[in-house]
Structure formats: C-alpha cells, structure tokens
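The values are calculated or read from the model by the stated rules, or taken from the named source; none is laboratory data. All values derive from a computational prediction rather than experimental measurement. Counting neighbours? That spans all protein chains shown, and the Cβs are built from the backbone with ideal geometry, glycine included. We work out accessible area using only protein heavy atoms, side chains counted, and drop any ligands, DNA or RNA first. Shrake-Rupley method; radii C 1.70, N 1.55, O 1.52, S 1.80 Å.
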Amino acid sequence: MRSGTGIGTVRRRLHHSDVGGIRNENYETSGLDGLDEPLLGKRDYDDKHSEGKVMEEIWDDERKKEQLHWTLLFSNLIAQWAQWIANLVFGSGSFIVRHLPLLSNTKNRSNPKFIVPTLSPLQEERLRNLQQRLGVPFDGSRVDHQDALKLLWRLAYPNRELPPLKSELWKDMGWQGPDPSTDFWGGGFISLESLIFFAKKYPESFQRLLHKQDGNRADWEYPFAVAGINISFMLTQMLDLQSGKPSSLAGIRFLKLLGEDEMAFDDLYCVAFQMMDAQWLVKRASYMEFNDVLKSTRTQLERELSLEDVSSVKDLPAYNLLRR
C-alpha cells in the first residue's frame, strides 16, 4: 500500500478509459488515473478473516490452488505453441490468403488491423444486436434496470433479504458505495446483464468468485462487482466491438463464435472472469496489482482465441475452469 493513502480514506472510482493503463485526462476529482490505483474504498474484511481455517480446509485450498495453477500453465503452453505456429504460417502468403485475414496496415505493428471476412446474415444480425446492447447505459431511474439489480442480489444471496437500492449492504457484493448505479459509468447495462448471466449459467463458479473461496486470497482483494464491470469493458475493447465491424484479430475470431452462439459475448465474459481470478491466484496478486492481472488476462484470452481449433467458447482451454 502506498504511504499516506489509508484504506479508510480511499474512495475512488474506476473509469472505463483507465482500462489497459490509458489515462483519462477528463477524469472526475474522485476518479482514478489508472487501474494501478485502488479499485475500492474501505472494505470490512474482519468478518471474513477473524476465524482461522481448520487443517482440512487449508489442505483443500492448497489442492484447488495447485489445480488452478497447472490448468493455467497448460492453457498458456497450448496458446504459446499456437502463436509459434501462427508466426511460421505468416511466412507463407498463399496459406494466409486461403485461411487467415490479411493485415491491412503492416506499418501499425502495435495495433494491426485485419480485413474483415464477409459476414453471414446471421452474424450480421447478432453483431448488430450485441452492439445495440453495448449502447445501452445503465439508468438507475428505469424500473427494468432496478429490477435487474434486484435480481442480481437474489442470485448472489438467495438466503438474504433484499436491501433497498441504496444501502451499505451492496458493498458486500463489491460495489464501491451504497448506490451501485454510480459504478457503471462506461460499462453500461450489458455489464449487469453479463453478471446475471454468469450467476444463472455457472452458479458454482459465480458463488466461488463472489465469496473468494478458491486458493489463498490476498488481505486486500479485488471487489467482485466492480471487477466484473471492468472485465466487460475490457472485452469490448479487445474484440473491437465499438467499431462498425471488428477488425482486430480477436474481434474477427469472435465473429466466428458469435455465428455459433448468440450469447458468445456473455459466455466469453464468464471465461474471462474465471481466467482473471486464476491469474490473480497464480500471481498472488493484491488490490494494487489488479491492472496487471487484467492486462495478462486479456493477453491470455487473445492467445486462446487465436487457436485454430476454436469454433465456440467451449473450445477455449480456459472454459474448463468454469463450474456449473
């Protein structure tokens, strides 16, 4: 922790333009300069860490941590081999013409653009629907958006009473303050939809991430809900979905997945969230390292999307980390 910055005095809000280390020059006075700053203000961890674990639980945590470690290493190995093979393939122009999109701007090595293949009517429709979803901001005054927040609470805490829409209890889920509607900024309503999708389709993984049940956790953990919003925005950037048609390699590969599954974005969101937590554990990260973990998660996800045999989200090596 940085000197002179007590946990109790920190109450800052991440901005979507901070994802990936890009600083937003038009930030609010309460905003962060980047994801290397704290995500969340004061969190009370006394209840969670006041009791020691029994020996059986410690051994169980170690086994789970080791399993996550080796799964992630294996996933990295596969992706690195695929990248090595892809580099060899780029030496053959005829193969590229027949099988891969071509670089449209070889001078811009840091952000190469690829020629977008012709989309099928189904892909066009699904991309259009997804981009419409991305364009919907969260509006705390809308009843349907309020209902969605309430649904998320019920899914997260089925045995707890639903609090008012403004309550300190929302911090338990990882919102920065008592009013979750102030935390959505660039994430939009789709980030809430993705959290709900995660809770419904992969309830075991959702609960384990929410309650930080896997591995040896840091004393200063990432806040679950706010991390979810950042993952949603990271995916939007990585897949180049803000463009009319994605022209990044990851975006073009995603269009293939979208053609197979209309909910490919939401499934990929769940994979990314689980992958981020696995990276978090392997790196033994703490609150201040969230930005680095998010960057490495994006890099790993891009590698897995580049694998030739990936035709659906379920084909991604990291998909095996998810549990229903």
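Quick check, is Pro180 under 20 Å from Glu161 (Cβ atoms) and open to solvent by less than 10 Å² (accessible area, probe 1.4 Å)? Taking the combined requirement at face value, the residue satisfies it.
One residue is enough: does segment 135-143 have a residue meeting the conditions in contact with a His (Cβ under 8 Å, 6 or more places away or on another chain), surrounded by 20 or more Cβ atoms within 10 Å (Cβ to Cβ) and assigned to a loop (DSSP other than H, G, I, E, B)? The answer is yes; a qualifying residue exists. So is Asp309 farther than 22 Å from Lys201 by Cα, of a type in the set (Asp, Glu) and either open to solvent by 10 Å² or more (accessible area, probe 1.4 Å) or at pLDDT below 95 (or both) or not? Yes; evaluated as a whole, the condition is true for this residue.
If the Cβ limit is 7 Å and pairs must be 6+ apart or interchain, which residue in segment 112-141 that is within 22 Å of Phe233 (Cβ to Cβ) pairs with which residue that is aromatic (Phe, Trp, Tyr) and not in a helix (DSSP H, G or I)? Within 7 Å, the pairs are Phe138/Phe184.
Taking Phe254 as the residue in question, decide whether it is aromatic (Phe, Trp, Tyr), surrounded by 21 or more Cβ atoms within 10 Å (Cβ to Cβ), out of contact with any Phe, Trp or Tyr (no Cβ under 7 Å at 6 or more places or on another chain) and modelled with pLDDT of 95 or more. Yes. Considering only residues of segment 144-167 that are more than 18 Å from Gly228 (Cα to Cα) and among the hydrophobic types (A, V, I, L, M, F, W, C), which is surrounded by the most Cβ atoms within 10 Å (Cβ to Cβ)? Step by step, filter segment 144-167, then rank; the result is Leu165.
Conditions (1) closer than 22 Å to Leu127 by Cα; (2) surrounded by fewer than 21 Cβ atoms within 10 Å (Cβ to Cβ); (3) touching a strand residue (DSSP E or B) at 6+ places or on another chain (Cβ under 6 Å), marked per residue:
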site	(1), (2), (3)
Met263	yes, yes, no
Leu268	yes, no, no
Ala278	no, no, no
Arg284	no, yes, no
Met288	no, yes, no
Asp292	no, yes, no
Val313	yes, no, no
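One line per residue, one yes/no per condition, for (1) assigned to a helix (DSSP H, G or I); (2) modelled with pLDDT of 95 or more; (3) among the hydrophobic types (A, V, I, L, M, F, W, C); (4) more than 21 Å from Ser205 (Cα to Cα):
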site	(1), (2), (3), (4)
Val271	yes, yes, yes, no
Met288	yes, no, yes, yes
Thr297	yes, yes, no, no
Lys314	yes, yes, no, no
Arg323	no, no, no, no
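For segment 166-192, the set of residues classified as under 13 Å from Asp139 (Cα atoms) and either assigned to a helix (DSSP H, G or I) or in contact with a helix residue (DSSP H, G or I) (Cβ under 6 Å, 6 or more places away or on another chain) (or both) consists of Pro180, Ser181, Thr182, Asp183, Trp185, Gly186, Gly187, Gly188, Phe189, Ile190, Ser191, Leu192, listed by residue number. Mind checking whether some residue in segment 194-203 is within 20 Å of Leu134 (Cβ to Cβ), in contact with an Asp or Glu (Cβ under 6 Å, 6 or more places away or on another chain), in a helix (DSSP H, G or I) and touching a residue at least 24 places away in the same chain (Cβ under 8 Å)? Yes, some residue in segment 194-203 is within 20 Å of Leu134 (Cβ to Cβ), in contact with an Asp or Glu (Cβ under 6 Å, 6 or more places away or on another chain), in a helix (DSSP H, G or I) and touching a residue at least 24 places away in the same chain (Cβ under 8 Å). The listed residues are Lys200, Lys245, and the only one of them that is over 16 Å from the mean Cα position of the chain (by Cα) and within 29 Å of Pro117 (Cα to Cα) turns out to be Lys245. Lys201 falls short on exactly one of the conditions (1) touching a Ser or Thr at 6+ places or on another chain (Cβ under 9 Å); (2) closer than 14 Å to Phe273 by Cβ; (3) surrounded by fewer than 20 Cβ atoms within 10 Å (Cβ to Cβ), and that condition is (1).
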